[in-house]
Each structure stands twice: as structure tokens, then as C-alpha cells.
1. Just for region 26-47: of the residues that are under 17 Å from Trp96 (Cβ atoms) and part of a loop (DSSP other than H, G, I, E, B), which one is nearest to the chain's Cα centre (by Cα)?
2. Out of Pro58, Pro27, Pro40, I need the residue that is out of contact with any strand residue (DSSP E or B) (no Cβ under 7 Å at 6 or more places or on another chain), of a type outside the set (A, V, I, L, M, F, W, C), crowded, with 16+ Cβ neighbours inside 10 Å and under 25 Å from Pro199 (Cβ atoms). Which one?
3. Report yes if Leu124 is aliphatic (A, V, I, L, M), crowded, with 16+ Cβ neighbours inside 10 Å and touching a residue at least 24 places away in the same chain (Cβ under 8 Å), otherwise no.
4. State yes or no: is Gly38 of a type outside the set (Lys, Arg), in contact with a Phe, Trp or Tyr (Cβ under 9 Å, 6 or more places away or on another chain) and over 24 Å from Glu137 (Cα atoms)?
5. Check whether at least one residue in region 170-186 is touching a Leu at 6+ places or on another chain (Cβ under 6 Å), of a type in the set (Lys, Arg) and either in the same structural domain as Leu4 (by TED's automatic domain parsing) or closer than 30 Å to Lys66 by Cα (or both), and report yes or no.
6. If a residue has to be over 18 Å from Ala32 (Cα atoms) and touching a His at 6+ places or on another chain (Cβ under 8 Å) to count, how many in region 56-87 make the cut?
7. Working only within region 48-91, note down all residues that are closer than 24 Å to Glu178 by Cα, in a loop (DSSP other than H, G, I, E, B) and touching a residue at least 60 places away in the same chain (Cβ under 8 Å).
8. Only strands (runs of 3 or more DSSP E) wholly contained in region 123-203 count here; list those with 1 or more residues that are at pLDDT 95 or above, among the β-branched types (Val, Ile, Thr) and under 17 Å from the mean Cα position of the chain (by Cα).
Amino acid sequence: MEKLDFKKKLKELYQPTHKDFSVVTVPDMLFAMIDGEGAPEGENFAQSVKWLYSTIYPIKFAAKKKMGKDFVMAPLEGLWWADDMDDFIKGNRNKWKWRLMIVLPEWTSEQMFEEGVVKGEEKLGKRPESLRLEMFEEGLAVQIMHIGPFADEAPVIARMHQDFLPANGFVENGYHHEIYLNDARRTAPEKLKTVLRQPVRKA
């Protein structure tokens with residue numbers, strides 16, 4: 001049985017170089033999503049991550065059993081913003097808003113997803129209202145691999161927005177996007193790998 005691995009199939013999107021920014025075109029992709037707000041070290045964030053995994057693992061097992069299809073669990077992704085972007089820039093983390101996402105194979109049906117949610121409810125209680133299956137259209141984007149602690153991302157993001165984007169005729173066209181390639185609970189901070197992505201359009 002062939003196992004779909006998005007990190008290998010879409011290597012340019014999930015394994016960019018850390019040496020320089022790259023421009024990519026992201027295809028429309030199907031995601032399990034959940035929205036929230038607050039600091040990423042808070043309970044709301046942790047519970048939302050649990051909901052995504054508790055919903056997706058039953059989908060993986062059901063697909064293998066009923067369809068003869070299998071996939072590698074894709075990395076957690078997050079879109080980040082704030083109503084007042086000064087709160088985002090200044091690190092007022094309790095005011096941050098986010099959308100957590102994990103990509104799923106395009107053959108995942110709404111019925112499969114809802115069956116996964118039911119399994120999640122058995123462990124976690126009533127489903128969050130924002131938990132859903134949805135296509136995400138991102139398109140043209142600039143990205144780079146960041147290796148190291150999350151706290152060290154700011155200078156890289158600043159270079160992207162203040163230097164690379166204007167020098168190449170781009171402006172922002174969506175929320176700041178991060179892809180977490182390691183489990184932060186089990187990885188030394190200096191070894192963390194995070195894809196930093198910004199959707200753009202030509203100015």
C-alpha cells in the first residue's frame with residue numbers, strides 16, 4: 001500500500017532552503033482547520049491541537065481499512081494575525097489570533113471528516129464550532145526555512161517584509177503562515193525547523 005507523504009510529494013513547499021527566501025505557488029489544498037485566539041502556550045491552543053489530531057487519526061485508520069489508502073500525518077500549520085497588528089509585532093501574545101491546520105488527502109470526504117469528529121468527541125467532549133474541513137487557497141507566496149527557537153523568528157520575518165518583498169515587487173496578500181516540522185515538546189529549541197511563509201501579490 002502506497003503511503004502519501006505531503007513533505008515528500010510537495011518538497012518545495014515543506015522543505016525549503018534556510019539559506020535564502022524562495023518564491024513558490026501553493027496549490028489549493030484540503031485542510032482540517034480550527035480557529036482560536038490567545039498565546040500559543042495557552043490551554044486554548046493546546047486543546048485545539050488535540051482536536052485536530054483526534055479527528056484526523058480516525059480518518060487515517062478508516063481510509064486504510066475501508067479504502068486501502070494510507071497517508072503520513074502531515075505537520076501542523078498555523079496562520080497568525082491580530083486585530084491590531086501592533087499587538088502581533090510587539091508580542092502581546094494573549095491578543096494573537098490563529099488558525100491551526102493540517103492538510104488531508106484530496107479524497108477525504110465530509111462524511112469521513114464528520115466520523116472523525118465523532119471519535120474526537122468521545123475523548124474531548126463537544127466539538128469546537130470552528131472545527132471544519134475546508135479548501136485553502138494560498139497561491140503565490142514567499143517562504144524560508146527557519147532553524148532554531150521560535151523566539152528567533154522575528155529578525156527573519158522582518159527581513160522578509162522589509163527587504164525581500166519590496167526589493168522583488170511584492171506586497172502581503174494574506175496572513176503570516178508557519179509550518180511546524182518538529183514536535184516542540186520533544187525537540188531541542190536550536191533544532192526546531194519551521195517554514196515561515198507569507199502569501200504575496202505583485203505590487
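The values are calculated or read from the model by the stated rules, or taken from the named source; none is laboratory data. Keep in mind it's a predicted model, so treat the numbers as computed, not measured. Every residue, glycine among them, receives a Cβ derived from its backbone with ideal geometry; neighbour counts consider all protein chains shown.
1. Once the filter is applied, the top-ranked residue is Pro40.
2. None of the other options fit; the residue is Pro40.
3. No: the conditions fail for Leu124.
4. yes
5. no
6. 1
7. Val72, Ala74, Pro75, listed by residue number.
8. 139-147, 176-180, 193-202
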